[in-house]
1. Convert each backbone phi in the stretch 165-172 into a coupling constant with the Karplus relation 6.51 cos²θ - 1.76 cosθ + 1.60 (shift: θ = phi - 60°), then list the ³J(HN,Hα) values in order as whole Hz, x for Gly and Pro.
2. Counting pairs of Cα atoms in the stretch 169-226, how many percent are more than 19 Å apart?
3. For the stretch 96-198, which GluC sites (Glu not before Pro) are in a loop by DSSP, counting at most 16 other Cβ atoms within 10 Å?
4. So which residue, out of Ser117, Ser212, Ser85, gets the largest mean-square fluctuation from a GNM of the chain using Cα contacts under 10 Å as springs?
5. On full extension of the chain, what length is gained from Ala248 through Ser189, given 0.36 nm per residue of separation minus the C-alpha to C-alpha distance?
6. Quick one: if you stick a label point 7 Å off each Cα along the C-beta vector at Arg231 and Arg81, how many nm between them?
7. Quick check of the Kirkwood formula: for the stretch 37-103, what is the inverse mean of 1/r over all pairs of different Cα atoms, in Å?
8. Give me the dipole magnitude in Debye, nearest 20, for the stretch 1-150 about the Cα centre, with unit charges on the beta carbon: positive for Lys and Arg, negative for Asp and Glu.
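Nothing in this text is a laboratory measurement; each read-out follows from the coordinates by a stated rule. The structure presented is a predicted model; accordingly, all values stated were derived computationally and were not measured. Every residue, glycine as well, gets a Cβ built from its backbone with ideal geometry; the counts of neighbours run over all protein chains shown.
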Amino acid sequence: MPKKPQPLQFPNPVNSNQSLDAEHTIYVAGTGGGKTSAVKHLDLIPKGAQVVFFDPYKNYAEDKFKGQMVQATSSRLTFVRALVSARKRGDTFKLAYVPESGANSEELEFFSAVVWSVGNGHAPALHVVIEELASCAETSAKLKGRAGELLRGGRQYGLVIHTVFQKGQEVPKTVTDQSAVWWIGAVNSAADAEWLSIRRGINVNRIIGLKSAKVNKKTINKPIAEYLLVRDGIGNIEHAAFNCRTGAKLSLNYR
């Protein structure tokens, strides 16, 4: 019987910097709620940032992200070389890993191990976007491996993790416990709204009342998504809307 290939070994991040702020961000909304558009258009990721994507459904690959083309690859070797090289150069870049076998825990662990290895608390921040997290995590308890390490220890090495999913109940507690910023769009059910209400101390009716881009496209022919942006601190909640096609931020009087 042929031997199973050994997993690649990557170095640990360097230059722990405890002074860095906690900026991990969650994007949660139902289908058509605008979560991926929020990643693309809102300012939660700066325009000139270094960004790497776990992109199983090609939501970013070979397209522009904040004015810069996203280079994409499904080759593990090419991805490692490209990310290490880009971090060494120190310039802004946008790079996507499109896993050949789709969104699963093994592909996410590979991606996370590579990203973890290029963390550097004295280098420019590296923003890490993980799409379809719930499809990759096999538990709603603790997220193990390097994927969990990104959330628990990434801050001190300049890694800012952005996770995108539909239901908070389906993702590991590590993700929700370690994320300081929550972008909340329209969800699919009252149960989803209730969960978010309890976790973030928001009146459930504020969440239930959010209009999705999908609904607004049908009713007013504009893909406008309403959202709540919740940061640490009591009452630190922004209620706003934006056009998912253009990125234009709008007042709640858009109707």
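1. Calculated HN-Hα couplings, in order: 6, 9, 10, x, 5, 9, 9, x Hz.
2. Here the tail beyond 19 Å accounts for 37 percent of pairs.
3. Sites meeting the loop and neighbour criteria: Glu100, Glu138.
4. Of the options given, Ser85 has the highest mean-square fluctuation.
5. Answer, rounded to one decimal: 18.5 nm.
6. If labels sit at Arg231 and Arg81, their model points lie 4.2 nm apart.
7. It works out to 12.2 Å.
8. Dipole magnitude for the stretch 1-150 comes out near 380 debye.
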